[in-house]
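What follows draws every value from the coordinates through simple rules; no lab data is involved. All of these numbers come straight from a predicted model, not from anything done at the bench. Positions of Cβ are generated from backbone atoms using ideal geometry, with glycine treated the same way; all protein chains shown enter the neighbour counts.
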Amino acid sequence: MKRFLLLAAAASLLTGGCGTQVTGTATTSVPSSARLPSDGAPAVTIPITDTAAVEADPCSAIPTAEIEAIGGKVERSELEALTMGKACAWIFQEGANTVSAGLVTGNKDGLSALYSQNAAGGLTTFKPVNPVNGYPAVIYANGGEGRGTCTLAVGVRDDLVYTVIPRLGDDHPSSSDPCGMATKVAAAAIRNLNECQHLTPPN
């Protein structure tokens, strides 16, 4: 998956939580395809099924205060309207530092798509990492690796991933460990999604 492209105008900072209620687009109780997971990808044992609110408003997945506790003072947030789904970019006050995150709704094969792409030699980085709050995760890239950047995908269902991409300059404290920052952002999002659905994360 290509790095997030900024397409939308700036949006006001949102307080997060369970997000705005969305009518007519709820995805509760949508079963994963019987063919997933595949290509060696791990199964998501407790899928997060009701993701409609965060799909529509990705900035609602994480309160701004939680982002600031992870990465520093936020200047603003911006909505990124992408071909693969909407994402939120949090822009920090200090330097040219951002973190983007969202559900990749255009990928209907979840982590299995990344495992398949890696098996075909289509990725330059592919590293399964420890689960994030009990949900399987992979660090990957198709070029563009470098200091201050990381792409982390976490399987929230067998057919859906939540992806986090920090882009940090040398002035940011986490520039030497952007994947650590990505993990913290993903953990906050998954915790909030689970709380909204009263799910108990897997061990």
Checklist entry - Over the alpha carbons of segment 10-197, what is the largest minus smallest coordinate on each principal axis, giving the biggest first in Å? => result 46, 41, 28
Checklist outcome for this item: Partner aspartates and glutamates whose C-alpha sits under 19 Å from that of K73, ignoring same-chain residues fewer than 8 away, are E94, D170, D171, D177
Item to check | Two-site label geometry, D177 and R191: point separation in nm, points 7 Å out along Cα→Cβ | outcome: 1.7
Checklist entry - Can you list, bin by bin at 10 Å, the percent of alpha carbon pairs in segment 72-124, starting at 0? => result 23, 32, 30, 15, 0
Item to check | Reachable aspartates and glutamates, given that their alpha-carbon falls under 20 Å from the alpha-carbon of K108 and they are not under 8 places away in the same chain | outcome: D39, D50, E55, D57, E80, D158, D159
Checklist entry - Taking 1 over the mean of 1/r across every pair of different Cα atoms in segment 124-200, what Kirkwood radius in Å do you get? => result 12.9
Checklist entry - Label 7 Å along Cα→Cβ of N130; segment 158-194 residues with amide nitrogen under 18 Å? => result 177-191
Item to check | Local electrostatic count at R157 - Lys and Arg +1, Asp and Glu -1, tallied over other residues with Cβ under 15 Å | outcome: -3
Checklist outcome for this item: Each label sits 7 Å from Cα toward the beta-carbon; between A81 and A119 the label points are separated, in nm, by 3.7
Checklist outcome for this item: Simple SL model, points at 7 angstrom along Cα→Cβ for I91 and A65; separation in nm is 2.5
